[in-house]
1. Which net charge results for the neighbourhood of L73, defined as the other residues with beta-carbon distances under 13 angstrom from its beta-carbon, given Lys and Arg at +1 and Asp and Glu at -1?
2. Name the residue from F565, A699, L10 whose Cα lies farthest towards the positive end of the charge dipole of the chain, charges +1 on Cβ of Lys and Arg and -1 on Cβ of Asp and Glu.
3. What does the C-alpha gyration tensor say about the overall shape of segment 341-484? Classify as rounded when a/c is under 1.5, otherwise prolate if a/b is larger than b/c, or oblate.
4. For a test of the definition: using alpha carbon positions, the gyration tensor, and the 1.5 limit on a/c, classify segment 707-861 as rounded, prolate or oblate.
5. What angle do you read, to the nearest 10 degrees and between 0 and 90, between the alpha-carbon axis of helix 718-731 and the longest principal axis of the chain?
6. Read through the labelled values [x] 1.15; [y] 1.01; [z] 1.05 and report the label of the one computed as Rg/Rh (Cα atoms, Kirkwood Rh) from the structure.
7. Of I847, N224, Y57, whose Cα points farthest to the positive end of the dipole of the chain (charges on the beta-carbon: +1 Lys, Arg; -1 Asp, Glu; origin at the Cα centre)?
8. Please sort by residue number the trypsin sites (Lys or Arg not before Pro) in segment 362-444 whose DSSP state is loop and whose Cβ has at most 16 other Cβ atoms within 10 Å.
Amino acid sequence: MDRTGIEKSLYIKNAMVETGANSLMGKIAGLFFRTIDFDSESLQTLKEYQSRGRAVYVSYQSANTPLMVLVNLLKRHGFRSPELALDFTPNILQMIANISGAVSMIYRRITGRRKFEKVSDSEYLVDCMRDNRAVVLSLLSRKQFIQRYIEIKSDTLEYLVEAQKLVDEPIYLFPQLLFWNQNPERTGSLVTSRATGDRGFFSGLFTVAKSSTPAFIRISEPLNIREEIENSPADDPKQIARSIRARLLEIYNNEKRTVLGPTLKSQQEMMERVLYNKNVLDEINSLVESERQSEKKLRKKAYRYFKEIAADFSILVIKWFNKAVQYMFTKIFDGINFNIDDLKRVREAAQRAPLILVPSHKSHMDYLIISSIFYENKIIPPHIVAGANLTFFPMGPVFRKSGAFFMRRSFRGLNLYPTIFRQYIKTLIGEGYSIEVFIEGTRTRTGKLALPKMGIISYLIEAIDEGYARDMIFVPITIGYDRILEESTYHMELKGKEKESESTSNFVKSRKFLKRKYGKVYLSFNEPFSFTEFREGLKEGEDLTVSLGNHIIRRIGDIIMATPFSVASSSMLLSSAKGFTRDILKKRINILLDYLKFSGVRMSDHLAQASNIDEIIDYVLDSYFQDGIVGEPIAGVGRGTGELIEGLYTLSENERSRINFYKNSIVHYFLPVSFVSTALLVLGGDEGLEGHRIGDVFADMMDLLSEEFVYHESLYDSAGSIAKALAFLTERGTVAHREGRYHVADEKRDELVLFAKAVQDFLESYLIVCDSVYQVKKRSSRKDLMYEVRKNGIKLFHLSEVKLTESLSMPNYENAITKLGRIMAIEAVPAGKKQVDLVVKDEQKVIEVKNRIERYLRPLQKL
């Protein structure tokens, strides 16, 4: 009988996880730290790699308690738990048991009762890897550092490098870090949170109990040792191990930065940095000389401006505010859909430079959703550029504590304020904070993306140019909604009602929004991009600020999702008919879906996975019936009651602009086929239409609507865009190409009408403005001119010169006036310190624009 045993070193014995002593400590840790869990992204990472190779968890803590928490979590979720815990501090019971075992082994060896065969540490580790037994090692063990650096003993990572050379399967190193909380580190704090500290049982228990934010374990994307060996310029295991260690330490610092953010400065500290900055002091000195104001008075004003602007970030307030927000979301939404892989890219981007989040802006819910999603997914929420209108009590202080800093809507007539605000932005960038900027400036009332506001972009560029940071990473984001809470409010504002200022009374009234559901929310992130790389790619002569702003808007537009409400609403609106049947609606939806799929547009899950269009129709109609937007006509009164006409639906004329919001959210996708369809319908007769004439219309309509859209780069290749649209129409049999001309199939003409009418409301709005400007002629303020335009729009609608109620849109009027200003048809002239007036400069240009519009509009109105 073979009585030879294996003699493991004390180093390996102390590393054994499945021992009686550790079992007891594991049960205790499982009881007291049961609330700690992996974040969702970490779980996805573990699932993705669990069968790809051998697993080695790399911890940045060395105490026994973090080890037991990790082991318990791995078991709870069904993953391989480690057999060895290398370089961790064993608990006292395990040390006693190991010493007792060593004495027993020596006794049996001396008495000859049993022989023992020594196994080296490296051999035992190789056996573990071959047998697919998981291992965890501590990277920041002080004892292991002394052995490795001072006593010049082998590094555990060297053993793993050697093991990889002997094992066929790849060995993956999973960086693992226990965050005891999400509290950012603060300067000048007497009691530091040390969210990633190496804590024992009682210290960990106390930290978790007193912390305002939850503890969790974060697993990063693993390193493949085989790839590290292959990519190493040398074959020396020591050098490869040092390289791997450096990579792992970099991951540690990056994870801390992403989860906790940079060291949090107090508001007082930020005030010192901003108000004593040379830029601010120089501006004050300049104003002392030019405005003849005292320096004391200007400094007092600068102080007030800073207090008005600055955030007062508090993770404790964010935690409790997030709980309230999460409760609200469950009451009003059917879920927030986003791709966890998008957040992975955001997390990776945050490790390279300060993030500049640039979302679309459709609702007040936007900034709440982004901050909540970040907090829930263990990413530090951003500082948010918010309008000064949101400082009302009680929400103003809550927003300020949640990272909002406030900006006035206009800087006109203010000398010192822009300098303070600009310097605050630069200081945030310099400190490494993430910033959320709504580049459209305000919430869109029309549903489509607005043109970018360049002021805030220029401030960010100045921050880089002045050396506050080497780079910044822009993250384009879009937030879409089945229905928005502000729908009725926007509907009234489009008609000319003054926007109500946010106030305490309006906040109290907002409780009514909790009484119904608004469907789903769709959150999408485009690929983050580096500012410095973007600048390097600019062509000579391109304006950096304008190019960057337009690029951001395009990247936001690229990821806007088509949803059941956007597609169904488009199908209801893009027709001159007052009503529709289910079959008609189904046909239109299918046509629009075919084009969206042809164009590679993102689809919401409900839209992409619907087994039949009837599901989408029922989903949308049920919601619109509830609000009286869609109804069923009554055939008349017979026998004392009205009789419904079954299967026929009518769209309320007064409610069209409410759902036009959802059509406009995806209208930019239809522009190429809309312009082509307009050309074919307006200019094409029985003899067909030449390609170059389609190109002329395409270019003309792009120019007419240039203040409405930031066109995708592909539209500037008009030949390519036209060819693609015609390919789609030809493939469907809507258009045929014969003898150099494009001919419309009569039986498919309705499809062209559907696409062409996508821009009819914009053309009608512009017609109203041109007609109004030509009639007014006199010099007037912008407000007075808008009043005249609004009156004239109502008049033209009732005279049937304008057909669509959604054309009576104040934002469209504003853009049309801007367009006339761009071509110098009207001119802005000063009218006091803070105001300008508008005056007609060239009537002929106004008439020319009107004629161009009517060329396309009048035929469309008849279809």
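1. Once positives and negatives cancel, what remains is +3.
2. Most positive-ward Cα: L10.
3. Rounded shape, in that the Cα axes give a/c under 1.5.
4. Note, shape of segment 707-861 comes out prolate.
5. 90 degrees
6. [z]
7. About the Cα centre, the residue reaching furthest to the positive side is Y57.
8. Listed in order of number, the matching sites are R408, R409, R412.
The values are calculated or read from the model by the stated rules, or taken from the named source; none is laboratory data. What you see is a predicted model; the values in this text were computed from it and never measured. Note that each Cβ is placed from the backbone with ideal geometry, even for glycine, and that neighbours are counted across all protein chains shown. Heavy atoms of the whole protein, side chains included, go into the accessibility calculation; ligands, DNA and RNA do not. Shrake-Rupley method; radii C 1.70, N 1.55, O 1.52, S 1.80 Å.
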